[in-house]
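Take a look at the structure below.
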Amino acid sequence: MHHGCMLLHRLARVSQEVAATSARSRKTALLAELFRDAEADDVPIVIPYLAGRLPQGRIGVGWKVLSRPVAPAAEPGLTVREVDARLSELAKVSGPGSQAERARLVGELMGAATEDEQRFLVGLLTGEVRQGALDAVAVEGLAQATGAPPADVRRAVMLAGSLQTVAEALLADGPAALDRFRLTVGRPVWPMLAHSASSVAEAVDKLGACAVEEKLDGIRVQVHRDGDTVRLYTRTLDDITDRLPEVTAAALELRGERFVLDGEVISFDEGGRPRSFQETAGRVGSRTDVATAARAVPVSPVFFDALSVDGRDLLDLPFAERHAELARLVPEPMRVRRTTVSGPDDLRTAEEFLAETLKRGHEGVVAKALDAPYSAGRRGASWLKVKPVHTLDLVVLAAEWGHGRRTGKLSNLHLGARTADGGLAMLGKTFKGMTDAMLTWQTERLRQLAVDDNGYVVTVRPELVVEIAYDGLQRSTRYPAGVTLRFARVVRYREDKRPEDADTVETLLAAHPEVRP
Ligand SMILES: Nc1ncnc2c1ncn2[C@@H]1O[C@H](COP(=O)(O)OP(=O)(O)OP(=O)(O)O)[C@@H](O)[C@H]1O
């Protein structure tokens, strides 16, 4: 295999041009051209860099180091693989003197970069060039570069759970490689997500014949079983099998031998009422001493969909048929409670079900069209959640050092929503709703993400998602979207979400016609 020659210079150019143009066809064409020149081995670097992500995750280089001027190289010579190798080296530095060593390595890298490349690298290392909306355009660019039909590439990405994997296969072997990406037991797929409706009436009106299911406030889980082997995955496709032995045991008791099921894990107390989200999430998050944790907070799976049974891929079947398969496999208490509604004439049934579900301590319902396929990895219009309390998932952009009782703690959070161009727009601040434990936790977590601290505000890599309750929006010229949140308060951190999953300014404004100009 010969040495890769994709230059950082080329990638930085394309990245900048893609960000600068709003025309989707132009973005696609730029990416197609780039992919045509890329080799399969460049892909694990090129794809994350384009999205503004570091394959190494965090590498612990702050603004101070990055903003130190270094004379740029006159000619571009860095390849993306070389940059990646240097950053891997940087990520490994630890122990005493590591600050200085990291600064030296950064200086060396910057000295080998041209001015354009330096700008790109700084953006990458601070997390500022993050382009969340890039994946969809990249799929089209890949299709164009390789001659594969875009719909086939999209389905492959959905099933592989990774654009990168599909891109590598396509660039190495051409369109025929897409046949490899079938729903496979043991390989997780991105789960289908829901939109919101403001009432059951609106949901039923939009969907017609639908199932109305209880919405359990737990952790999404995808359960794969192949004979005696069971694997459990989160909504971000992390393997959490080792943490939840009782869920594995439950899956082994089911009637099927080979299946993929979708559901929620949740903890119920002795009285059968759901424990708080924090308790369930804490349990699912804890890796050490699983046995003790399982005794304190036992969890149960509650299934609501079947994606594959006995080697049959059910994704394209209507929901009613998938549910029939689920019901054959999973006995009552392990299946989500639901009712079915024929349409708006039958609204009473749906409303009574919502009221009863809330009374049992759940957070709301999800209405699901009976005829819809499973759109893995998408927020399908055929699942609509209805909850009495409205919340937003926002990204923490920065935090201010607290005063008085909160001295030494990072307190007032700066909150951002995603924008159409893949950036983040600050919507407001809040220091309300945090428990002492949360303050301690967020201080530590945000310090790990810090890129700058001016003694007053700590700017962080925009990676942490927080769920915020609010009373409404008001217009404000001080914020970039022209609006700010009224009475924002923290509900909880959502470590199960990525910044790409955060809410957008667009959907927020759509939900609040009263503030539109
Ligand atoms: N019956 C159900 N059907 C589908 N999803 C359910 C159900 N009960 C609970 N859920 C959970 O609700 C989530 C769907 O809502 P959404 O896609 O908006 O994600 P979310 O933002 O995590 O939801 P929220 O923030 O409202 O809790 C699923 O990911 C799943 O974890």
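Data overview
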{"item": "When residues of segment 227-271 are limited to those that are of a type in the set (D, E, K, R), assigned to a helix (DSSP H, G or I) and within 21 Å of Arg335 (Cβ to Cβ), the one farthest from the ligand (Cβ to nearest atom)", "result": "Glu253"}
{"item": "Qualifying strands (runs of 3 or more DSSP E) (wholly inside segment 393-472; at least 1 residues being within 16 Å of the ligand (Cβ to nearest atom) and either under 20 Å from the mean Cα position of the chain (by Cα) or under 16 Å from Val483 (Cα atoms) (or both))", "result": "410-418, 465-469"}
{"item": "Answer from Leu358, Leu307, Leu314 - the residue that is touching a helix residue (DSSP H, G or I) at 6+ places or on another chain (Cβ under 8 Å) and farther than 17 Å from Arg220 by Cβ", "result": "Leu314"}
{"item": "Output for segment 484-504, where each listed residue is within 16 Å of the ligand (Cβ to nearest atom), outside any loop (DSSP other than H, G, I, E, B) and within 22 Å of Thr435 (Cα to Cα)", "result": "Arg489, Val490, Val491, Arg492, Tyr493"}
{"item": "Selection within segment 296-328 - touching a residue at least 40 places away in the same chain (Cβ under 8 Å), in a helix (DSSP H, G or I) and farther than 20 Å from Val366 by Cβ", "result": "Arg328"}
{"item": "Test: Arg498 is surrounded by fewer than 18 Cβ atoms within 10 Å (Cβ to Cβ), closer than 13 Å to Leu397 by Cα and among the charged types (D, E, K, R)", "result": "no"}
{"item": "Of all residues making up segment 486-509, the number that are farther than 30 Å from Leu237 by Cα and either within 23 Å of the chain's Cα centre (by Cα) or modelled with pLDDT of 95 or more (or both)", "result": "2"}
{"item": "Close pairs (6 angstrom Cβ cut-off, 6 or more residues apart or separate chains): touching a residue at least 24 places away in the same chain (Cβ under 8 Å) in segment 379-397, assigned to a strand (DSSP E or B) and hydroxyl-bearing (Ser, Thr, Tyr) anywhere", "result": "Lys385/Ser196"}
{"item": "Residue ID - surrounded by the fewest Cβ atoms within 10 Å (Cβ to Cβ), chosen from residues in segment 173-192 that are away from the ligand (no atom under 16 Å from the Cβ) and either of a type in the set (D, E, K, R) or under 18 Å from the mean Cα position of the chain (by Cα) (or both)", "result": "Asp179"}
{"item": "Evaluation of Thr440 against (1) hydroxyl-bearing (Ser, Thr, Tyr); (2) under 24 Å from Val61 (Cα atoms); (3) buried (at least 21 other Cβ atoms within 10 Å of the Cβ) (one fails), failing number", "result": "(3)"}
{"item": "Test result for Gly186, small (Gly, Ala, Ser) and outside the structural domain of Val106 (by TED's automatic domain parsing)", "result": "yes"}
{"item": "Of all residues making up segment 473-483, the number that are under 24 Å from the mean Cα position of the chain (by Cα) and assigned to a strand (DSSP E or B)", "result": "0"}
{"item": "Set Val302, Val336, Val284: member being modelled with pLDDT under 95 and crowded, with 18+ Cβ neighbours inside 10 Å", "result": "Val284"}
{"item": "Whichever residue in segment 353-372 is away from the ligand (no atom under 15 Å from the Cβ) and more than 17 Å from Asp205 (Cβ to Cβ) and, among such residues, is surrounded by the most Cβ atoms within 10 Å (Cβ to Cβ)", "result": "Ala355"}
{"item": "Among the residues listed as Val157, Val166, Val93, the single one being under 23 Å from Gln56 (Cα atoms) and surrounded by fewer than 21 Cβ atoms within 10 Å (Cβ to Cβ)", "result": "Val93"}
{"item": "Members of segment 379-388 that are within 10 Å of the ligand (Cβ to nearest atom) and surrounded by fewer than 17 Cβ atoms within 10 Å (Cβ to Cβ)", "result": "Arg379"}
{"item": "Top-ranked residue in segment 193-207 [being assigned to a loop (DSSP other than H, G, I, E, B) and in contact with a strand residue (DSSP E or B) (Cβ under 7 Å, 6 or more places away or on another chain); ranked as nearest to the ligand (Cβ to nearest atom)]", "result": "Ala197"}
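For (1) over 30 Å from Gly97 (Cα atoms); (2) more than 25 Å from the chain's Cα centre (by Cα), each residue gets a yes or a no:
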residue	(1), (2)
Leu8	no, yes
Gln16	yes, no
Ala20	yes, no
Ala29	yes, yes
Glu33	yes, yes
Leu50	yes, no
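Table: residues versus (1) under 28 Å from Ser308 (Cα atoms); (2) not assigned by TED's automatic domain parsing to the domain that holds Leu326.
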site: Glu115; (1), (2): no, yes
site: Glu128; (1), (2): no, yes
site: Pro149; (1), (2): yes, yes
site: Gln164; (1), (2): yes, yes
site: Glu202; (1), (2): no, no
site: Asp205; (1), (2): no, no
site: Cys210; (1), (2): yes, no
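The values are calculated or read from the model by the stated rules, or taken from the named source; none is laboratory data. Keep in mind that this is a model prediction, so the values were computed, not measured. Neighbour counts are summed over all protein chains in view; Cβ atoms, including those assigned to glycine, are modelled from backbone coordinates with ideal geometry.
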